[in-house]
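Student: Here you go, one structure.
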There are 2 protein chains.
Amino acid sequence: MGSLRYAMLGLINREPSTGYDISKAFSGKLGSLWNAKHSQIYPELKKLLEDGLVEFETIIQGEVMEKKLYNITLEGKDAFMEWLLSEEEFYCAPNDNLRVRMYFCENMTFEQFRKSLLKQRERRSADLESLSLKVEQWNNNIPMFNSPELGDYMLLQNARLREKAYVEWLDYCLNHINDIEKKKSE
Amino acid sequence: MGSLRYAMLGLINREPSTGYDISKAFSGKLGSLWNAKHSQIYPELKKLLEDGLVEFETIIQGEVMEKKLYNITLEGKDAFMEWLLSEEEFYCAPNDNLRVRMYFCENMTFEQFRKSLLKQRERRSADLESLSLKVEQWNNNIPMFNSPELGDYMLLQNARLREKAYVEWLDYCLNHINDIEKKKSE
DNA sequence: GAAAACATGTAAGTCGTTACATGATTGG
DNA sequence: CCAATCATGTAACGACTTACATGTTTTC
């Protein structure tokens with residue numbers, strides 16, 4: 001995808017960061033969007049440095065421990081903004097396992113099929129519930145423009161609507177196969 | 001992901017196929033779900049063969065041209081069914097570019113932001129429209145149980161609901177930033 | 001006769017994960 | 001003092017893409 005570097009630039013652009021900070025951002029609040037590991041982040045930082053998009057200063061933590069605090073360069077800001085305002089999107093459909101399995105549903109019995117769908121529905125609707133709760137928590141304090149929290153809020157809404165659609169789909173499938181089964185036994 | 005082999009097994013299970021057939025299925029009607037290239041398919045066929053999940057016979061096409069027609073073995077059927085009825089799902093959030101960009105929206109002006117969202121909305125709603133049309137085409141002839149077309153139909157519905165949710169999200173974002181902008185100018 | 005489709009592979013490189021490796025600092 | 005967290009890397013492997021490579025058959 002090639003956008004890991006830009007996501008990293010975006011984080012460094014918000015505030016000077018160490019590889020560890022970036023790593024934590026990805027496994028923390030950014031995690032639902034993208035969970036990049038430190039083993040990918042450190043090498044990418046090296047490349048960004050080589051390309052002149054970031055620079056770093058060495059900080060001494062405690063007595064000896066060195067850490068590298070990265071900062072975005074002017075060149076880096078330009079590259080980031082160019083990416084941010086770019087328009088090419090190739091939205092690869094994510095191939096989740098359930099969808100692939102459903103494609104081959106003709107090999108399942110009614111009961112197996114139903115069980116699969118219900119199991120999945122359980123998980124997805126639990127997910128949806130927790131996302132809805134999170135949305136509610138924002139509702140007293142919806143982020144304004146030019147606030148870095150606007151992105152968080154919008155992605156949360158995205159996740160919520162996505163999960164909602166997934167549950168709708170599962171319900172649709174359940175209804176559909178129930179209908180077929182009913183017709184058969186008539 | 002490790003499920004390519006099972007998707008391939010599923011196709012071969014439907015009917016004996018050559019690597020080329022499988023490749024075409026992936027770039028054709030399966031394409032929206034998964035677009036595996038022949039350069040991935042041929043090596044995987046080799047592995048499936050080594051693992052005894054498929055076997056093949058050589059067919060002569062025309063005068064000289066050899067093709068390998070693969071067939072699923074009993075072992076292959078077992079492996080496929082086990083996967084099909086398995087329950088572990090790790091639904092990685094797909095990281096599409098737009099979502100990542102929206103996460104960093106604080107760096108955009110109102111106009112840039114709006115333009116991005118509108119552009120995306122245009123594409124997504126065109127997509128949604130064409131998916132809705134395809135659904136309508138099915139509607140006189142909704143596939144029954146144990147028909148391989150039931151999978152096609154369900155995945156089509158999945159895609160439609162997914163796109164619908166995406167457009168809803170974009171509309172939500174557009175409304176939201178419009179509100180903010182209005183408040184600002186009051 | 002030429003183009004499109006059939007047919008099968010390999011190689012190089014990117015992206016990402018899991019595991020290997022190491023050590024310092026902070027808070028209880 | 002021990003565990004959690006801070007901090008930074010490398011190696012091996014798997015999934016996937018793009019490009020390299022080759023040849024046949026069908027259709028117009």
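Since every read-out is calculated from the coordinates, none of them should be taken as a lab result. All values derive from a computational prediction rather than experimental measurement. Heads up, the Cβs are rebuilt from the backbone with ideal geometry, glycines too, and the neighbour counts pull from every protein chain shown.
Student: Please name whichever of A:N139, A:L69, A:I41 sits farthest to the positive end of the charge dipole of the stretch A:8-150, dipole taken about the Cα centre and charges placed at Cβ: Lys and Arg +1, Asp and Glu -1.
Tutor: Going by the Cα projections, it comes out as A:N139.
Student: Using helices alone, what [θ] at 222 nm do you get for chain B, with -39,500 (n - 2.57) per DSSP H run of 4 or more residues, divided over all residues and rounded to the nearest 500?
Tutor: Details: 7 runs with 117 residues, N = 186.
Computed ellipticity for chain B at 222 nm equals -21000 deg cm²/dmol.
Student: I've got another one for you. From the Cα gyration tensor of the stretch B:18-104, with a ≥ b ≥ c the square roots of its eigenvalues, which class applies: rounded if a/c is under 1.5, or else prolate if a/b is larger than b/c, or else oblate?
Tutor: Judged from the Cα gyration tensor, the stretch B:18-104 comes out oblate (a/c at least 1.5, b/c at or above a/b).
Student: Moving on to the next point. To the nearest 20 debye, what is the magnitude of the charge dipole of the stretch A:90-172 about its Cα centre, counting +1 on the Cβ of each Lys and Arg and -1 on the Cβ of each Asp and Glu? Don't skip to the end; give the middle numbers.
Tutor: Details: 12 positive and 12 negative charges, 53 e Å.
It works out to roughly 260 debye.
Student: GNM on chain A, C-alpha springs below 10 Å: top fluctuator among A:L131, A:L155, A:L85?
Tutor: Highest fluctuation of the listed residues: A:L85.
Student: Counting other C-beta atoms within 10 Å, and keeping those with at most 10, which DSSP coil GluC sites (Glu not before Pro) do you find in the stretch B:64-155? Walk me through the numbers before you get to the answer.
Tutor: Details: sites: B:E66, B:E75, B:E82, B:E87, B:E88, B:E89, B:E106, B:E111, B:E122, B:E129, B:E136, B:E149; in loops: B:E87, B:E88, B:E89.
Counting only loop positions with at most 10 other Cβ atoms within 10 Å, the GluC sites (Glu not before Pro) in the stretch B:64-155 are B:E88.
Student: Please work out the Cα center distance from the stretch B:36-86 to the stretch A:169-186, rounded to the nearest Å.
Tutor: Centre-to-centre distance over Cα atoms comes out at 33 Å.
Student: For chain A, what size does the Cα cloud have along each of its three principal axes, sorted from largest down, in whole Å?
Tutor: Between the extreme Cα coordinates on each principal axis of chain A lie 77, 40, 40 Å.
Student: Go ahead and set up a Gaussian network model of chain A, Cα springs under 10 Å, then flag whichever of A:N140, A:N13, A:N175 fluctuates most.
Tutor: Result for chain A, Cα springs under 10 Å: A:N140 fluctuates most.
Student: Still on this model: First measure r as the distance between the Cβ atoms of A:T109 and A:L4, then evaluate 1/(1 + (r/R0)^6) with R0 = 30 Å and state the FRET efficiency to the nearest 0.05.
Tutor: Details: r = 43 Å, r/R0 = 1.44.
Working from the Cβ atoms, E equals 0.10.
Student: Output ³J(HN,Hα) for the stretch A:4-21: one whole-Hz value per residue in order, computed from phi by the Karplus curve 6.51 cos²θ - 1.76 cosθ + 1.60 with θ = phi - 60°, and x for Gly and Pro.
Tutor: Residue by residue, the stretch A:4-21 yields 4, 4, 6, 4, 5, 4, x, 5, 5, 5, 5, 7, x, 9, 8, x, 5, 4 Hz.
Student: Let me ask something additional. Excluding A:E163 itself, calculate the net charge of residues whose Cβ lies under 13 Å from the Cβ of A:E163, where each Lys or Arg counts +1 and each Asp or Glu counts -1. Before the final figure, lay out the partial values.
Tutor: Working: positive: A:R121, A:R123, A:R124, A:K134, A:R160, A:R162, A:K164, B:R162; negative: A:D96, A:E122, A:D127, A:E129, A:E168, A:D171, B:E168.
Computed value for this residue: +1.
Student: Next question. Say the cut-off is 19 Å between C-alpha atoms; which of A:K119/A:K182; B:K29/B:K164; A:K46/A:K77 go over it? Spell out each step's value before the answer.
Tutor: Details: A:K119/A:K182 21 Å; B:K29/B:K164 21 Å; A:K46/A:K77 17 Å.
In this structure, A:K119/A:K182; B:K29/B:K164 exceed 19 Å between Cα atoms.
Student: Per residue of the stretch B:70-77, what does 6.51 cos²θ - 1.76 cosθ + 1.60 with θ = phi - 60° give for ³J(HN,Hα)? Whole Hz please, x for Gly and Pro, Karplus curve as stated.
Tutor: So the Karplus estimates, Gly and Pro as x, are 8, 10, 7, 8, 4, 4, x, 4 Hz.
Student: Which distances, in nm and shortest first, link the B:E55 label point to the same label point in every other copy, taking 7 Å along Cα→Cβ?
Tutor: Result for B:E55, in nm, nearest copy first: 6.9.
Student: Placing +1 at every Lys and Arg Cβ and -1 at every Asp and Glu Cβ, with all other atoms neutral, what dipole size does the protein assembly as shown have around its Cα centre, in debye to the nearest 20?
Tutor: Charge dipole, the protein assembly as shown, about its Cα centre: 440 debye, nearest 20.
Student: Something else about it: Can you list the copy-to-copy distances for A:L85, using a point 7 angstrom from Cα toward Cβ, in nanometres, shortest first?
Tutor: Listed shortest first, these distances are 5.8 nm.
Student: Something else about it: Taking a point 7 Å out from Cα toward Cβ as the label site, list the nm distances between B:L4 and the same residue in every other copy, smallest first.
Tutor: 1.8
Student: Could you work out Rg/(2.2 N^0.38 Å) for the protein assembly as shown, with Rg from alpha carbons only?
Tutor: Output field value: 1.16.
Student: Which one of A:S17, A:S130, A:S86 has the biggest mean-square fluctuation once chain A is modelled by GNM with Cα springs under 10 Å?
Tutor: Largest GNM mean-square fluctuation: A:S86.
Student: Please quote Rg/Rh for the stretch B:7-57 to two decimal places, taking the Kirkwood radius as Rh and restricting both calculations to Cα atoms. Mind showing how you got there, number by number?
Tutor: Details: Rg = 10.3 Å, Rh = 11.0 Å.
Radius of gyration relative to Kirkwood radius: 0.94.
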